[in-house]
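Presented below is the structure to which this report refers.
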Amino acid sequence: TINNVSIVEVPTVSDTRGKLAVIEKDCIPFNIKRVYYLYDVPSDSYRGGHAHKKLYQMLVALSGSFEVHLKDGENERKITLNKPDKGLLIVPGIWREIDNFSSGSVCLVLASEDYDESDYIRDYEAFELFKR
Ligand code: T46
């Protein structure tokens, strides 16, 4: 459920030269199999609009900001990501929509599985049935 979605603090090493954030196994509860990122996203664009059956993900706003709207079939939550040292951990079975991308924003996604279209639920009614 949505209660299992959490914000993860990414350990950061900071000195006069700037900041270095490290995501390794202590801060993420799955093995990373795939990394992708969204960039050059128009501000009026909307992404997501699906759920995953098995995939765990961590989303990080490497630059700029965007909003993540989450639904588990019962409850909803809106989370603004705008810090490179905060990750949003999304467990399987959560509907997500992402919008309000600021200009130049980059959404990094760390994922627990290879890309598999059969893991997607892209129809909201099918998602509601899946959740029952
Ligand atoms: C998610 C959000 C945050 C691939 O070929 N390989 C990949 O690894 C991915 C992620 C996508 N694709 C193809 C599938 C589609 O033809 O790229 C196209 C766009 O994918 P999609 O419409 O799923 O993009 P988003 O931004 O709506 O969703 C993506 C991820 O698919 C999804 O897991 O949670 O980013």
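Cross-link reach is defined here as a Cα-Cα straight distance under 21 Å, omitting same-chain residues fewer than 8 places apart; for K83 the lysines meeting it are K19, K25.
Overall, the ratio between the Cα radius of gyration of the range 76-132 and 2.2 N^0.38 Å, rounded to two decimals, is 1.32.
How much area per residue is accessible in the chain when the probe is 1.4 Å and only protein heavy atoms are counted (Å²)?
Details: 7890 Å² over 132 residues.
That works out to 60 Å² for each residue.
If only the Cβ of Lys and Arg carry +1 and only the Cβ of Asp and Glu carry -1, the dipole of the chain around its Cα centre is close to 280 debye.
Among 50-61, 78-89, the peptide with the highest mean count of other Cβ atoms within 10 Å heads the list, and the full ranking is 50-61, 78-89.
Restricting to DSSP H runs of at least four residues, report the calculated mean residue ellipticity at 222 nm for the chain, -39500 (n - 2.57) per run over all residues, nearest 500 deg cm²/dmol.
Using -39500 (n - 2.57) per qualifying helix, the result is -1500 deg cm²/dmol.
For the chain, what does the convex hull of the Cα positions come to per residue, in cubic angstrom?
Values: hull volume 14.3 nm³, N = 132.
Here the figure is 108 Å³ per residue.
Of the accessible area of the range 92-132, computed with a 1.4 Å probe over protein heavy atoms only, carbon and sulfur atoms account for 47 percent. Straight-line cross-link reach from K71 at under 17 Å between alpha-carbon atoms covers these lysines, not counting any fewer than eight positions away in the same chain: K53, K54, K131. As a rough guide to protection, the peptides 96-104, 17-25, 31-39 ranked by mean Cβ packing within 10 Å, highest first, stand as 96-104, 31-39, 17-25.
The values are calculated or read from the model by the stated rules, or taken from the named source; none is laboratory data. Since we're looking at a predicted model, the values are computed, not measured. Please note: Cβ atoms are built from the backbone with ideal geometry, for glycine as well, and neighbour counts cover all protein chains shown. The area values use the complete protein model at the heavy-atom level, side chains included, leaving out ligands, DNA and RNA. Shrake-Rupley method; radii C 1.70, N 1.55, O 1.52, S 1.80 Å.
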